[in-house]
Amino acid sequence: MLKAEMDASYQQLAQQYRSTVEALDKVLEQDGKTREQIYEEWKPSATEALKKRLIITRLTEERKIEVSDD
């Protein structure tokens, strides 16, 4: 789950720069970094985001909260 969270963030970063993940990898490589290093830097915030999303999902299921069009 955590890797999927970071993969999605990485893809969003590439999209923000109107690029591909492969091109972003090359830019990082030029800066002397790898995707894995970036993921390690992102791990604490990605973990927190994932925890929050899981808590919200659990609460909405337990309390049977539904989203309406209103």
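Label-to-label distance for VAL21 and LYS64 is 3.9 nm, based on points extended 7 Å past Cα in the beta-carbon direction.
For region 61-70, the Karplus equation 6.51 cos²θ - 1.76 cosθ + 1.60, evaluated at θ = phi - 60°, returns couplings of 6, 5, 9, 6, 7, 10, 8, 10, 6, 6 Hz by residue, with Gly and Pro reported as x. Select from GLN15, SER68, VAL27 the residue farthest towards the positive end of the dipole of the chain; place +1 on Cβ of Lys and Arg, -1 on Cβ of Asp and Glu, and compute about the Cα centre. Farthest towards the positive end: SER68.
Straight distance only, please: which aspartates and glutamates reach the Cα of LYS33 with their own Cα at less than 14 Å, same-chain residues fewer than 8 apart left out? Of all the aspartates and glutamates, those that pass the test against LYS33 - Cα under 14 Å, at least 8 places apart if same chain - are GLU22, ASP25, GLU41.
Solvent exposure of MET1, expressed as accessible area, is near 150 Å², computed with a probe of 1.4 Å over the protein chains only. Percent of Cα pairs in region 1-47 per distance bin of 5 Å, from zero to the largest separation: 5, 23, 30, 26, 14, 2.
Using a 1.4 Å probe on the protein heavy atoms, what percent of the accessible area of the chain belongs to carbon and sulfur?
C and S fraction of accessible area: 51 percent.
Only helical runs count toward this figure. For the chain, summing -39,500 (n - 2.57) over DSSP H runs of n ≥ 4 and dividing by all residues gives -25500 deg cm²/dmol at 222 nm. Residues LYS52, LYS64, sorted by accessible area with the largest first, give LYS64, LYS52 [1.4 Å probe; ligands and nucleic acids excluded]. The accessible area of LYS33, taken with all protein chains in place and a 1.4 Å probe, comes to roughly 80 Å². Of GLU29, GLU22, the residue with the largest accessible area leads and the full order is GLU29, GLU22 (1.4 Å probe).
Computed with a 1.4 Å probe over protein heavy atoms only, the accessible surface of the chain comes to 86 Å² per residue. Multiplying the residue separation of ASP31 and LYS3 by 0.36 nm and subtracting their alpha-carbon distance yields 7.8 nm.
The values are calculated or read from the model by the stated rules, or taken from the named source; none is laboratory data. Here the structure is a predicted model, which means the values were calculated and not measured. Cβ coordinates were reconstructed from backbone atoms using ideal geometry, including for glycine residues, and neighbour counts include every protein chain displayed. Only protein heavy atoms, including side chains, enter the accessible area calculation; ligands, DNA and RNA are left aside. Shrake-Rupley method; radii C 1.70, N 1.55, O 1.52, S 1.80 Å.
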